[in-house]
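Here's the structure we're looking at; comments come further down.
The values are calculated or read from the model by the stated rules, or taken from the named source; none is laboratory data. As the structure is a computational prediction, the values presented were derived from the model and not from experiment. Cβ placement follows ideal geometry from the backbone for every residue including glycine, while neighbour counts extend to all protein chains displayed.
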């Protein structure tokens, strides 16, 4: 196996009595687009600052390209950062901003000029060399900040919530541009974000952080379809998490009791679940079906429609089940319009639509 570009070994960091990063270990491969995702205060920014060298770990080690950089200052690491604020120098034009670090390294004017032109072409900003930051749009500032961060040819680029100030449409446009640049250059990108959609769209793998530790590391599809815990299931996307009791358990087929009725789940789990064990199931809203009459097949829940939200291509339904749990169902907007708020409804889902959660 090739050596990972970034290795974090049991790193911890406290600020006073607050443990911001708690015994974290992970690896990032060369050329990978990796995301640290989590709510505010989960430790993702602190971990990024440790990787960048702005903070020193209290315990553990950090390796970049096989070299222990745990005690190295930022300028001695093959890392650069694209800041959330972009941090462009207001008194310098675009070309000077991009070439600033190269000038500090003593490169010749000719080499700097060529590198600046290459970076402007990469981010599609040719012709903006003489513009000042205050004359640029938000998207243009983001592109210049990216060009400046990449000009020094880092092995790892850290992105600190770089798109949070942009509107939704522009944010999505810049996301695809970042993905294209990353693929073109083959540089490892590590983005820190609290935006699930952003992480799911851009990253090849995602580390979900909670309370300073890692809740799960997985590719976006697996993270969504196979969450490791109730918390991850609720945090990633929309999820219906229903408490259940195991009646019969096997490695791939589990019979559960939910609302007094038996439900069959084909989970593909690696472990057998013992009868009587308390678990939960996660079913995504789009994997559920809505019925006016009780269906004859599948797992079935019954309740009352309490909310209907038209979303254009889809409709979001909230149904209060007979046991008091509120379940969300997403259907196409072409569904029968006879369903109304307050009406009795039935929800079904297939045995392979659920994920059994022990934690």
Answer from 37, 88 - the residue that is assigned by TED's automatic domain parsing to the domain that holds residue 125, closer than 27 Å to residue 218 by Cα and in contact (Cβ under 8 Å) with a residue 12 or more places away in the chain: 37
Pair list, Cβ under 9 Å, 6 or more apart: the range 216-239 residue at negative phi, other residue at pLDDT below 90 and assigned to a helix (DSSP H, G or I): none
Qualifying strands (runs of 3 or more DSSP E) (wholly inside the range 183-274; at least 1 residues being touching a strand residue (DSSP E or B) at 6+ places or on another chain (Cβ under 7 Å) and assigned by TED's automatic domain parsing to the domain that holds residue 316): 240-249, 253-258, 261-266
Identity of the residue in the range 327-359, surrounded by fewer than 11 Cβ atoms within 10 Å (Cβ to Cβ) and assigned to a loop (DSSP other than H, G, I, E, B), that ends up nearest to the chain's Cα centre (by Cα): 334
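This table checks each residue for (1) closer than 15 Å to residue 246 by Cβ; (2) under 31 Å from the mean Cα position of the chain (by Cα).
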site	(1), (2)
262	yes, no
276	yes, no
279	yes, yes
284	no, yes
297	no, no
304	no, no
318	no, yes
Complete set of residues in the range 193-212 that are more than 13 Å from the chain's Cα centre (by Cα) and either surrounded by 17 or more Cβ atoms within 10 Å (Cβ to Cβ) or modelled with pLDDT of 95 or more (or both): 212
Within the range 1-38, tally of residues that are in contact with a strand residue (DSSP E or B) (Cβ under 6 Å, 6 or more places away or on another chain) and part of a strand (DSSP E or B): 22
Residue in the range 317-326 that is in contact with a strand residue (DSSP E or B) (Cβ under 7 Å, 6 or more places away or on another chain), in contact (Cβ under 8 Å) with a residue 12 or more places away in the chain, in a loop (DSSP other than H, G, I, E, B) and outside the structural domain of residue 221 (by TED's automatic domain parsing) present: yes
Some residue of the range 146-167 being farther than 29 Å from residue 92 by Cβ, at pLDDT below 90 and in the same structural domain as residue 103 (by TED's automatic domain parsing): no
Condition met for residue 121 (in the same structural domain as residue 13 (by TED's automatic domain parsing), surrounded by fewer than 19 Cβ atoms within 10 Å (Cβ to Cβ) and more than 20 Å from residue 39 (Cα to Cα)): yes
Single residue of 107, 163 found to be crowded, with 16+ Cβ neighbours inside 10 Å, in a loop (DSSP other than H, G, I, E, B), free of Cβ contacts under 8 Å to residues at least 40 places away in the same chain and touching a strand residue (DSSP E or B) at 6+ places or on another chain (Cβ under 9 Å): 163
